[in-house]
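A short worksheet on the structure shown next.
The values are calculated or read from the model by the stated rules, or taken from the named source; none is laboratory data. A quick note: this is a predicted structure, and the numbers were derived from the prediction, not measured. Please note: Cβ atoms are built from the backbone with ideal geometry, for glycine as well, and neighbour counts cover all protein chains shown. The accessibility values were calculated without ligands, DNA or RNA, using every heavy atom of the protein model including side chains. Shrake-Rupley method; radii C 1.70, N 1.55, O 1.52, S 1.80 Å.
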Amino acid sequence: MNKKQLSGYVSDIIEDIKENGDTAVYKYLKKFDGVDLSLKGYKVSQKTIDDAAKRVSPSLKKAIKASYLNVLSYHKYEYSQIKKSWVRNKNGVKTGQIYSAVESAGIYVPGGKFPYPSTVIMTAVPAKAAGVKRIVMVTPPNKMSDEVLYTAKLCGITEIYSVGGIMAVAALAYGTKTVKKVNFISGPGNAYVNEAKRQVFGEVGIDSLAGPSEVAIIADKDVPVKYAVADIMAQVEHDAMAKAYLFCDSRDKVAQIKKELPKEALNQVEIEFCSLDKAVEKVNKIAPEHLELLVKNYSKLVKKIKNAGAIFAGYQTPTSAGDYWAGPSHVLPTSASAKFSSGLSVMSFLKRTSYIEMNKNNAKAYKEIADFAGSEGMKYHKESAQVRNS
């Protein structure tokens, strides 16, 4: 299916759901997922959530909770650092910004090869820290694992729907009898989900249009080969579209790493010998989702990096630390979009409202506004300032 065909295919399903609501959702759930939920509905009951949570092992619960607390702590700190300053300009006009959270957000948790409780944390927690009151989760019915439901419960999510794909995005964006529409949608998905998010943007906000996952690794002559190989393979295992780049200043290490990598992984990996400075140039051009600096003097390189979704500094910092545990959301810009965008954060769920306050002592300001408006021929714009200066 080419790009034009994909766009039309997705558009037809979205329009069907806009017009027919739940009836269309049930039709596509049966068609794509092989499930008939028309009798019991596709909202997940609290009992189902509670029962799923009981089946998760204590050790996994402990790991998930540690991740949740780390990510929550980080994003609460992020929120605390937002500057809510006010300023008066030379004419005495008070200006500033008011921050407010979107009222509702939908998080998309994909199915894919594995269950993704980490995606629940990395999308829901920034929204929670931002103060979003209603957080809704959607996930494909055949991939709704116990771990995912437990994590949703831990994050305080009680509104969950067993629907994925284009149907989930359309239902969140336009609403149905079952699903009340949201203001913002976040979370990764396949090409169909991505295209659906693109098409509903404007009706709702979206986090980004995610492409295949990618990592770039800059390594020096002292890099432990087993670290580089493990990190490349961690990237490759996402799916067949995932991409890994490795730039190393040692021909010997390049040869060793190539030798240790499974042959079937090599078509997803680009490995090149070059200087560290040249590696930085290449990375800034690629603008990778993840960047590992497997070098001794990583602090020098960090200052030179302009385009990367996230940086993992030093031999001891694998990408998986960011994927699961460290704090910042792992929803990051892909496909070179790190050149102009950032990862999901508290700011993704906040709106900035400009604030302007004037008073009768702002005579000079009123005159300047009137003069400017007059120069553009805007008669009543000019008058609205002059009338306050009389």
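Bridgeable lysines around LYS364 (alpha carbons under 26 Å apart, same-chain partners fewer than 8 residues away excluded): LYS90, LYS94, LYS379, LYS382. A Cβ-based charge dipole, computed about the Cα centre of region 86-179 with Lys and Arg at +1 and Asp and Glu at -1, lands at about 500 debye. For the chain, the fraction of 1.4 Å probe accessible surface lying on carbon and sulfur atoms is 52 percent.
A dipole drawn for the chain from +1 and -1 charges on Cβ atoms has a positive end, and of VAL223, TYR315, ASN190 the residue lying farthest that way is TYR315.
Filter LYS30/LYS54; LYS18/LYS84; LYS62/LYS306; LYS258/LYS278; LYS84/LYS360; LYS143/LYS243 down to the pairs with a C-alpha to C-alpha distance above 31 Å, please. Exceeds cut-off: LYS18/LYS84; LYS62/LYS306.
Solvent-accessible surface of region 245-390, averaged per residue with a 1.4 angstrom probe and all protein chains in place: 60 square angstrom. Taking Cα centre as origin and charging only the Cβ of basic (Lys, Arg, +1) and acidic (Asp, Glu, -1) residues, the dipole magnitude of region 1-96 rounds to 800 debye.
Averaging the Cα positions of each part gives two centres, and for region 58-121 and region 159-208 these lie 19 Å apart.
Taking 4 °C and 1.567 mPa s as conditions, the chain diffuses translationally at an estimated 55 µm²/s according to Stokes-Einstein applied to its Kirkwood radius (Cα pairs). How big is the gap, in Å, between the Cα center of region 277-294 and the Cα center of region 330-350? Here the two parts' Cα centres lie 17 Å apart. Here's the picture: charge each Lys and Arg Cβ at +1 and each Asp and Glu Cβ at -1 in region 216-343, and of HIS238, VAL283, ILE257 the one pushed furthest to the positive end of that dipole is VAL283.
Relative to the Cα centre, the charge distribution of the chain, modelled as +1 at Lys and Arg Cβ and -1 at Asp and Glu Cβ, gives a dipole magnitude of about 1260 debye.
Rolling a 1.4 Å probe over the protein heavy atoms gives region 89-163 an accessible area of 34 Å² per residue.
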